[in-house]
Amino acid sequence: MKLKELESCLQQVDAFEEPKILLEQYPTSPHIAACMLYTIHNTFDDIEGKLVADLGCGCGVLSIGAAMLDAGLCVGFDIDDDALEIFKRNSEEFELTNIDLIQCDMCSLRSHAYAKKFDTVIMNPPFGTKHNQGMDMQFLRTALTMATTAVYSLHKTSTRGHIQKKANDWGVKMEVIAELRYDLPASYKFHKKKSVDIKVDFLRFSTT
Amino acid sequence: MKLLTHNMLTSHVKGVTKGYPLLIKATEVKVSEVEFNPNFVSRMIPKLEWSALVQAADGLGHLQDLPAELVTDYEKNEEFLRKVHRVLLEVEVLEGCLQCPESGREFPISRGVPNMLLNEDEA
């Protein structure tokens, strides 16, 4: 599947109907999702035939893309009923059989809950900007326990130095695969601008 | 909820030391066709708690001829891998619940999604 085809398919994925600000719900744009997945698949071969986890999956755009790229199975994790409802609807519409879902709170998992169960973790975690500071690092920490090969994640570029230090502490290798501009259209009433560009790093973490 | 996913799930209710495996009480089960990838199935096998898988499949009435003990040299055994594939990926629990073997706490499964969220007093 070509990048443009993947992006085109992902444009059909329904996003949050009424995003919940405290959960920091923002959809991952089809363009960013497609670029991420395409790289993970073509450059690193970490999707096809692999057991993939999508943490904070929301409405499922990353999982659906991974499933289309023939993941052995992609398991989405999210806390929110409404998001999971939309994810279900999406996966039914796309008639995907290699997707599963778990409703849970990523921040209150025991450290060994899913340890080393997955080949790859893919995620666009909450950035920790809404009274949930540090949430991005919690997600990352959990993701690293779950994956045997690699963790792919999006984080604010402004936190790159901090994350690199943590990666060193944890003994994992961090690569900045790309710097993206995350275009966030006004989705909450308090948003004053029509849209805003946030500089975001697409990172790959591995144990080797 | 597929049985590959179920195989990973544990109860973390406060005070519980052995929250695995979760007992499946299913009211609706579906079997669908999923593309067979022998390499994927073969790589998943070492990660599985085999007896928990057999117990889960049996409880759903979908054990068929899956052996109670893992066979040796399964990597090239296509017939065996197909049986495992069916149980891991094609059998899905749509409605029902998962019961913690120690505390008895039930985690509901609704539209195929197990809800593992704990209440404040259980976490």
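The values are calculated or read from the model by the stated rules, or taken from the named source; none is laboratory data. Just so we're clear, the structure is a prediction, and the values are computed from it rather than from any experiment. Methodologically, a virtual Cβ is constructed for each residue, glycine included, from the backbone with ideal geometry; neighbour enumeration extends over all protein chains shown.
See the values below:
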read-out	value
Residue in region B:71-85 that is more than 12 Å from the chain's Cα centre (by Cα), away from chain A (no Cβ under 12 Å), over 27 Å from A:Ala83 (Cβ atoms) and aliphatic (A, V, I, L, M) present	yes
From the options A:Asp82, A:Asp119, residue that is of a type outside the set (Lys, Arg) and within 26 Å of A:Tyr182 (Cα to Cα)	A:Asp82
Selection within region A:77-119 - among the small types (Gly, Ala, Ser), part of a loop (DSSP other than H, G, I, E, B) and facing chain B (nearest Cβ under 9 Å)	A:Ala113
Residue within region A:101-112 that is more than 23 Å from A:Leu73 (Cβ to Cβ) and touching a strand residue (DSSP E or B) at 6+ places or on another chain (Cβ under 9 Å) present	no
Hits in region B:11-48 (condition: of a type in the set (Val, Ile, Thr) and modelled with pLDDT of 95 or more)	B:Ile24, B:Thr27, B:Val29, B:Val31, B:Val34, B:Val41, B:Ile45
Sole residue being without any contact (Cβ under 8 Å) to a residue 40 or more places away in the chain and either touching a strand residue (DSSP E or B) at 6+ places or on another chain (Cβ under 6 Å) or not basic (Lys, Arg) (or both), chosen from B:Leu117, B:Leu94, B:Leu81	B:Leu117
Sole exception among (1) at pLDDT below 95; (2) within 30 Å of B:Val87 (Cα to Cα); (3) not hydroxyl-bearing (Ser, Thr, Tyr) for A:Pro27, by number	(2)
Residues located in region B:1-25, provided they are out of contact with any helix residue (DSSP H, G or I) (no Cβ under 8 Å at 6 or more places or on another chain), surrounded by fewer than 22 Cβ atoms within 10 Å (Cβ to Cβ) and more than 9 Å from chain A (Cβ to nearest Cβ)	B:Val13, B:Lys14, B:Gly15, B:Val16, B:Thr17, B:Lys18, B:Gly19, B:Lys25
Subset of region B:91-123 [within 11 Å of another protein chain (Cβ to nearest Cβ) and among the hydroxyl-bearing types (Ser, Thr, Tyr)]	B:Ser110
Flag for B:His62 being more than 10 Å from chain A (Cβ to nearest Cβ) and not acidic (Asp, Glu)	yes
Qualifying residue in region A:75-93 (condition: small (Gly, Ala, Ser) and modelled with pLDDT of 95 or more)	yes
Residues (assigned to a loop (DSSP other than H, G, I, E, B), surrounded by fewer than 20 Cβ atoms within 10 Å (Cβ to Cβ) and of a type in the set (A, V, I, L, M, F, W, C)) located in region A:1-56	A:Met1, A:Ala15, A:Phe16, A:Phe44
Residue in region A:178-193 that is over 22 Å from A:Lys20 (Cβ atoms), at pLDDT 95 or above, basic (Lys, Arg) and not in a loop (DSSP other than H, G, I, E, B) present	no
Filter result for B:Glu33 (surrounded by fewer than 16 Cβ atoms within 10 Å (Cβ to Cβ), more than 14 Å from chain A (Cβ to nearest Cβ), over 27 Å from A:Thr149 (Cβ atoms) and acidic (Asp, Glu))	no
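Yes/no per residue for (1) crowded, with 20+ Cβ neighbours inside 10 Å; (2) of a type in the set (D, E, K, R):
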position: B:Leu53; (1), (2): yes, no
position: B:Ala57; (1), (2): yes, no
position: B:Thr72; (1), (2): no, no
position: B:Glu75; (1), (2): no, yes
position: B:Glu78; (1), (2): no, yes
position: B:Leu81; (1), (2): yes, no
